[in-house]
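Scroll down for the structure; my scribbles are underneath it.
What follows is calculated from the coordinates using simple rules that are stated; it is not laboratory data. Note that the coordinates shown come from a computational prediction; the quantities given were computed from them, not determined experimentally. Positions of Cβ are generated from backbone atoms using ideal geometry, with glycine treated the same way; all protein chains shown enter the neighbour counts.
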Amino acid sequence: MEHVETQLPTPAFQPALLSGVEVDTPVQDSVRVPRSATVARDSRDTIGELRVEQPRIRCNDVNVYYGDKRAINSINLDIGRNEVIALIGPSGCGKSTFLRCLNRMNDTIDGCRVNGDIVLDGVNINNNRIDVVPLRAQVGMVFQKPNPFPKSIWENIAFGPRIHGLAQDKEELDDIVVTSLKRAGLWEEVHDRLDQPGTGLSGGQQQRLCIARTIAVGPEVILMDEPCSALDPIATAKIEDLIDELREQFTICIVTHSMQQAARVSQRTAYFHMGDLIEVGATDEVFTNPRHELTEDYITGRFG
Amino acid sequence: MTRTLEGHTVQRYNGELNNLHLRVLEMGGLVQDQLRHALLALNKKDVSVANTVLEREHTVDELELGIDDDVITVIAKRSPVAGDLRVIMSISKTIADLERIGDEAARIAHLAKGLYESEHSQPSNHLMRDVTTMGELALQMLQESLESFDSLNVDHARALVCRENELDIEFQSSLRRLATFLLEDARNVGHAIHIVLLTKAIERVGDHARNIAEYVIFMVRGEDVRHRLGSYCEASNTASDPVAPDEDRTH
């Protein structure tokens with residue numbers, strides 16, 4: 001197997017392309033809690049290290065409303081470069097809602113309002129002046145159920161780069177397809193059947209195809225919403241392994257219901273509870289010594 | 001019982017953790033009894049009591065193996081995290097220390113046999129006095145460490161680990177006294193060696209008991225205080241904990 005690393009295309013859009021949307025809000029920080037202390041269940045302040053040096057994404061006072069109902073309350077959180085951050089919490093806690101804020105997927109939901117600053121590389125993306133099409137190339141998304149297009153494997157990957165104009169000719173497009181498939185660890189398995197439909201692959205392969213498709217448009221951030229919940233343990237292990245490799249180049253934000261998966265793949269963990277961000281911290285610490293009683297209750301299986 | 005062991009949605013998990021906790025206490029009780037009898041054998045110069053201790057030694061070992069098995073099963077089945085993980089790890093370490101205390105008790109029983117089984121002269125009560133005092137101190141420390149493990153009470157555990165190590169001080173001064181006895185009469189040397197081995201064994205028991213108290217602090221608070229007792233004890237003396245007093249951890 002020859003090992004030619006082709007350069008991936010530069011991101012579909014550069015922050016400079018955006019009309020300058022100034023960001024000038026004071027940065028909210030977390031409540032400091034001594035290491036050995038625990039915070040009682042009724043507290044809803046965020047504790048832990050929610051700010052990082054040179055964040056890829058900085059969220060300041062983000063609120064989401066579905067109609068009159070406030071789904072998430074004043075979230076302050078940084079997402080660092082080249083890190084995997086896991087968002088965990090019970091169903092309905094707002095973690096997926098928050099994830100969808102990061103590439104404006106909530107725009108597609110009727111009656112959904114998002115306010116607050118979501119600053120990606122210095123630009124507030126939560127702004128009407130932002131074009132969401134290039135944004136979603138820059139912040140890609142992988143869903144719970146693998147959803148390849150009903151087209152060939154090659155087409156599945158080539159589609160994004162083509163519409164974003166990332167390739168001049170068929171040759172460049174081929175390069176992108178091959179590189180993306182290799183990066184997603186799928187090349188070995190599909191290189192001799194690129195013209196076959198993507199839907200003919202196994203669930204795990206389809207999910208890696210979706211990841212390859214996301215990578216193909218040169219994102220900076222990859223959002224994953226329970227990417228392994230429909231997969232068997234082997235396919236899950238492959239995806240997790242892949243996430244670990246992709247971290248070198250991308251920022252990854254993953255929502256998962258599997259606590260073990262969060263512990264395995266992420267460097268930071270954020271625990272959401274009924275719309276509040278309760279605790280953020282290094283995954284190693286959150287899973288050995290959480291500081292908030294709600295976090296402890298959730299990860300140890302003491303619900304309600 | 002405390003929330004440390006209970007409150008899981010899966011009821012059986014509560015049962016498993018509680019059961020482990022009880023089994024450790026059972027082992028602790030047995031080890032304590034072993035130590036008490038080993039010291040009794042010394043005090044009463046009773047070789048049969050020493051033999052009982054030696055016969056029961058394997059029961060301690062079996063308890064350790066059994067609890068270890070249960071620990072592995074719980075890890076495999078439940079993938080414990082956070083507080084649960086700390087409980088499991090602390091239990092696993094506690095039983096290792098308990099087993100070592102059991103070994104020391106057996107060693108003491110063995111030495112008692114050596115001293116009182118033979119035809120040779122027996123050490124004077126004068127020489128044995130330190131052994132008795134230290135034995136009582138060690139029993140007391142073991143008792144306290146097991147109580148703090150039983151009630152998962154950090155305050156009790158802290159009191160034990162932060163207290164001056166009397167046993168160690170006694171051991172040092174016992175060595176000095178033995179040296180004086182030897183200078184007075186070199187024929188004491190055989191007994192002196194026996195007594196050093198005895199006091200050393202007893203001194204070890206104290207260290208294991210303190211280890212157990214350290215695990216209790218780690219289990220309940222997530223604070224690993226090993227090898228930094230100085231700063232820990234200093235900090236806990238000055239700062240009262242405003243956020244979560246220990247009482248809040250229990251129902």
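Axis angle, to the nearest 10 degrees, between helix A:233-246 and the longest C-alpha principal axis of chain A: 90 degrees. Taking every Cα-Cα distance in region A:163-289 and sorting them into 5 Å bins from zero, the calculated P(r) comes out as 2, 9, 18, 21, 18, 13, 8, 6, 4, 1, 0 percent.
Can you sort B:Tyr232, B:Tyr116, A:Tyr271 by how many other beta carbons sit within 10 Å, fewest first?
Fewest-to-most ranking of B:Tyr232, B:Tyr116, A:Tyr271: B:Tyr116, B:Tyr232, A:Tyr271.
Each part gets one Cα centre, and for region B:49-66 versus region A:177-209 those centres are 61 Å apart. When only the Cβ of Lys, Arg, Asp and Glu is charged (+1, +1, -1, -1), the dipole of chain B relative to its Cα centre reaches about 260 debye. Here's the picture: charge each Lys and Arg Cβ at +1 and each Asp and Glu Cβ at -1 in region A:169-234, and of A:Val190, A:Ser229, A:Ile215 the one pushed furthest to the positive end of that dipole is A:Ser229. For region A:59-131, trypsin sites (Lys or Arg not before Pro) meeting the loop criterion (DSSP other than H, G, I, E, B) and having at most 14 other Cβ atoms within 10 Å: A:Arg129. Between the residues B:Tyr13, A:Val52, B:Asn43, the greatest Cα displacement towards the positive end of the dipole of the protein assembly as shown, with unit charges on the Cβ of Lys, Arg, Asp and Glu, is found for A:Val52.
Region A:211-236 and region A:71-123 have Cα centres separated by 18 Å. Shielding by partners for peptide A:256-268, expressed as the average number of C-beta atoms from other protein chains within 10 Å of each residue's C-beta, is 1. Overall dimensions of chain A, expressed as equivalent-ellipsoid semi-axes from the Cα gyration tensor (√(5λ), whole Å, largest first), are 33, 23, 17. A helix-only calculation puts the protein assembly as shown at -17500 deg cm²/dmol for mean residue ellipticity at 222 nm, using -39500 (n - 2.57) for each DSSP H run of at least four residues, averaged over all residues.
Ordering B:Val60, B:Val131, B:Val216 from the fewest to the most neighbouring beta carbons within 10 Å gives B:Val60, B:Val131, B:Val216. Mean-square fluctuations from a GNM of chain B, with a 10 angstrom spring cutoff on Cα atoms, peak among B:Leu229, B:Leu167, B:Leu142 at B:Leu229. Over the protein assembly as shown, the reciprocal of the mean inverse Cα-Cα separation, the Kirkwood hydrodynamic radius, stands at 27.6 Å. Pairs of Cα atoms in region B:68-189 fall into 5 Å distance bins, from 0 up to the last occupied one, in shares of 2, 8, 13, 16, 16, 12, 10, 8, 6, 4, 3, 1, 0 percent.
Of the beta bridges DSSP finds with both residues in region A:214-304, what % are antiparallel, to the nearest 5? Don't skip to the answer; put the middle values down first.
On the way: 6 of 11 bridges.
Bridges in region A:214-304 that DSSP calls antiparallel: roughly 55 percent.
For chain B, hydrophobic long helices are taken as DSSP H runs at least 15 Å long by C-alpha position along their axis with mean Kyte-Doolittle hydropathy of 0.0 or more; these are B:47-78, B:82-117, B:166-184, B:189-221. Overall, chain A carries a charge dipole of about 720 debye about its Cα centre when +1 sits on the Cβ of Lys and Arg and -1 on the Cβ of Asp and Glu, all other atoms neutral. Placing R0 at 22 angstrom, the Cβ-Cβ distance between B:Ala76 and B:Arg3 gives a FRET efficiency of 0.40 after rounding to 0.05. Here's the picture: charge each Lys and Arg Cβ at +1 and each Asp and Glu Cβ at -1 in the protein assembly as shown, and of B:Gly206, A:Ala167, A:Gln261 the one pushed furthest to the positive end of that dipole is A:Ala167. Of all the options A:Gly111, A:Gly218, A:Gly203, the one that moves most in a Gaussian network model of chain A with Cα springs shorter than 10 angstrom is A:Gly111. Placing +1 on the Cβ of every Lys and Arg and -1 on the Cβ of every Asp and Glu, with nothing else charged, gives the protein assembly as shown a dipole about its Cα centre of roughly 680 debye.
Provide the gained length on full extension for the span B:Asp33 to B:Asn14, in nm with one decimal, where the gain is 0.36 nm per separating residue minus the Cα-Cα distance.
Here the segment from B:Asp33 to B:Asn14 would lengthen by 4.0 nm.
Per-residue Cβ neighbour counts within 10 Å put B:Met141, A:Met105 in the sequence A:Met105, B:Met141, beginning with the fewest. Which pairs in the list A:Lys145/A:Lys170; B:Lys93/B:Lys113; A:Lys69/A:Lys145; A:Lys95/A:Lys145 are over 21 Å apart, alpha-carbon to alpha-carbon? Beyond 21 Å between Cα atoms: A:Lys145/A:Lys170; B:Lys93/B:Lys113; A:Lys69/A:Lys145. Each of B:Ser173 and B:Ala159 was given a label point 7 Å from its Cα along the Cα-to-Cβ line. The distance between the two points is 2.3 nm. Rg/Rh for region B:137-183 stands at 1.21; both radii use Cα atoms, and Rh follows the Kirkwood definition. With a Förster radius of 30 Å applied to the beta-carbon distance between B:Val189 and B:Arg228, the computed FRET efficiency rounds to 0.15. Look at where the Cα atoms of region A:285-304 and of region B:188-212 average out, and the two centres are 43 Å apart. Once all Cα-Cα distances of chain B are split into 10 Å bins that start at 0, what whole-number percent is in each one? Bin by bin from 0 Å, the calculated values are 7, 29, 30, 20, 10, 4, 0.
Of all DSSP beta bridges confined to the protein assembly as shown, the antiparallel ones make up roughly 55%. Counts of other chain beta carbons within 10 angstrom of each beta carbon in peptide B:221-233 average 2. Exposed loop sites here are GluC sites (Glu not before Pro) assigned a DSSP state other than H, G, I, E or B and surrounded by at most 12 other beta carbons within 10 Å; excluding them, the longest clear run of chain A is A:54-247. The modelled label-to-label distance between A:Asp107 and A:Arg44, using points 7 Å beyond Cα along the C-beta direction, is 3.0 nm. Normalised by residue count, region B:140-226 yields a Cα convex hull volume of 76 Å³ per residue. Rounded to the nearest 5, the antiparallel percentage of DSSP beta bridges internal to chain A is 55%. Taking the protein assembly as shown as a whole, the Cys residues whose C-beta sits 4.7 Å or farther from every other Cys C-beta are A:Cys59, A:Cys93, A:Cys101, A:Cys112, A:Cys210, A:Cys228, A:Cys253.
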